[in-house]
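*Asks:* Quick one: structure below, then a few questions.
Every read-out reported here was derived from the displayed coordinates using simple, explicitly stated rules and does not represent laboratory data. Nothing here was measured: the structure is a model prediction, and the numbers come from that model. No Cβ is skipped: glycine too gets one built from the backbone with ideal geometry, and neighbour counts run over all protein chains shown.
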Amino acid sequence: MCYSHHHHPHQRPFSDDHFAPKAPAPDLRSRLTETEAHLARAKAHEAELSRRLEEMKRFVSVMEILETYPARQFAEQRDRVERLLVPSPHNLKLALPRCGGFQRSG
């Protein structure tokens, strides 16, 4: 069986109006206008969401700074206090008298 020149028995050949639009032109224009409006609203919504996302990222960055700053300040202060209270070999050399050591009283 060769189908190259013959139509399938259950198929009808395409008529001239087969590819013609089913809806009248004004309806298609109306749908196009609605689609363009919907697209514009979607783009505006996307822009708003992007703006809010960037705002939230800035907020999170600030919160991270606020969260780590006191801990860093505390650690630096603790290190300063430890250096003052725990003598290191370098600090001991500076604290000992330079002229012959300690003198006995009495």
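*Asks:* If you take every residue apart from Thr33 with its C-beta less than 14 Å away from the C-beta of Thr33, what net charge results, scoring Lys and Arg +1 and Asp and Glu -1?
*Replies:* Here the count lands on 0.
*Asks:* Count charges around Ala71 for me, please; just the other residues with Cβ under 12 Å from its Cβ, Lys/Arg as +1, Asp/Glu as -1. Spell out each step's value before the answer.
*Replies:* Working: positive: Arg72, Arg78; negative: Glu64, Glu67, Glu76.
So the environment of Ala71 carries a net charge of -1.
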